[in-house]
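Encoded as structure tokens, the structure appears first; notes follow it.
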Amino acid sequence: MQLIDIGANLTHDSFDHDRDQVMARARAAGVVQMIVTGASREHSPMALELARAHPGELFATAGVHPHHASDYTAECDAEMRALIAHPEVVAVGETGLDYFRDFSPRPAQRKAFERQLEIAVDTGKPLFLHQRDAHADFVAIMKEFEGRIGPAVVHCFTGTRAELFDCIDRDWHIGITGWLCDERRGQHLREIVANIPANRLMVETDAPYLLPRSLKPMPKDRRNEPMHLPHIVEELARDRGEDVASAAANATATTRAFFRLPTSG
Ligand SMILES: [Zn+2]
């Protein structure tokens, strides 16, 4: 089984002391490639640096998460454009809207999102998107860019059935995380994931966040790692009524096509 983690926050400081071992454990678990999420002015250059140090295995995104939208100045826009020009940066983002936390004011979030969508238009690179409790505004802004942007993935999808169908109708890709394994808030996801077409479905850990709650035993430090991706795929395959091998093969093929990745090793 070969898997690709499309959302690994490997620049997070919780990995500073053992990043090489984390990567080795991922490899041993069949996670052959990873997309390192760039989500801020500080971490997007770090994601690129990590990808350049591990050619063919790690790739990066570059963007500014809605939490940090207040940082999105003209200077920041120039920094993002410079990062996204590198071949190791395979997507624009993480960008989008988050009205759940509202860490940045909503007008600033919308502005930063639009600026990054413009970069996607100019470069043709795919979009790595975040949306939480902002579906209507998210869809409205995306609509302004319809026909001009390349493929888009709504990463860590946690929305409703109606929102899922909105995304599928617009031909967006869907990223599924270990949120699915959360018996408190992931139950509704289990009931709708079978509706995602195989060629629009990708998988991710969002490590170090979102440790799958159905893991046994639970790691003591509660830190999520890319090596737990096979566990998420097993649960996802069960909910979709598929065998694990074909769920994995489909997600990997979809991911390579979406991010235009080379085959590994
Ligand atoms: Zn996110």
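The values are calculated or read from the model by the stated rules, or taken from the named source; none is laboratory data. Note that the coordinates shown come from a computational prediction; the quantities given were computed from them, not determined experimentally. Positions of Cβ are backbone-derived with ideal geometry, glycine not excepted, and every protein chain shown enters the neighbour counts. Surface areas here come from the heavy atoms of the whole protein model, side chains and all, with no ligands, DNA or RNA. Shrake-Rupley method; radii C 1.70, N 1.55, O 1.52, S 1.80 Å.
Springs between Cα atoms under 10 Å define the GNM used for the chain, and in it the highest mean-square fluctuation of R81, R222, R200 occurs at R222. Pairwise Cα separations in the chain fall into 5 Å bins from 0 onward with the following percentages, short to long: 1, 6, 14, 19, 21, 18, 13, 6, 1, 0. Sorting 108-115, 61-68 by average packing, meaning the other beta carbons within 10 Å per residue, from highest down gives 61-68, 108-115. Any chance you could check the Cα centroid distance between the range 91-111 and the range 1-19 for me, in angstrom? For the range 91-111 versus the range 1-19, the Cα centre distance is 23 Å. Across the options I141, G63, V32, the greatest Cα extent toward the positive end of the charge dipole of the chain (unit charges at beta carbon of Lys, Arg, Asp, Glu) belongs to V32. Remark: the range 117-200 is approximated by an ellipsoid whose semi-axes, taken from the C-alpha gyration tensor as √(5λ), come to 24, 12, 11 Å, largest first.
Normalized C-alpha radius of gyration of the range 15-144, against 2.2 N^0.38 Å?
Ratio of Rg to 2.2 N^0.38 Å for the range 15-144: 1.08.
At 1.4 Å probe size, with the rest of the protein present, what percent of the exposed accessible area of the range 2-114 is carbon and sulfur atoms? Heavy-atom surface of the range 2-114 belonging to carbon and sulfur, 1.4 Å probe: 53 percent. Comparing N250, N224, N195 in a Gaussian network model of the chain, where Cα atoms under 10 Å apart are tied by springs, the biggest mean-square fluctuation is seen for N195. Charged side chains reduced to their Cβ positions (Lys and Arg at +1, Asp and Glu at -1) give the chain a dipole of some 340 debye around its Cα centre. Result for the chain in a Gaussian network model with C-alpha springs under 10 Å: among L129, L210, L236, the largest mean-square fluctuation is at L210.
In whole Å, how far is the Cα centre of the range 199-243 from that of the range 124-168? Using only Cα atoms to place each centre, the spacing works out to 22 Å. Compactness ratio for the range 152-265: Cα radius of gyration over 2.2 N^0.38 Å (N = residue count) comes to 1.02. With coordinates expressed along the principal axes, the C-alpha atoms belonging to the range 75-134 extend over 33, 21, 16 Å, beginning with the largest.
Based on protein heavy atoms only, the chain ends up with 42 Å² per residue of surface accessible to a 1.4 Å probe.
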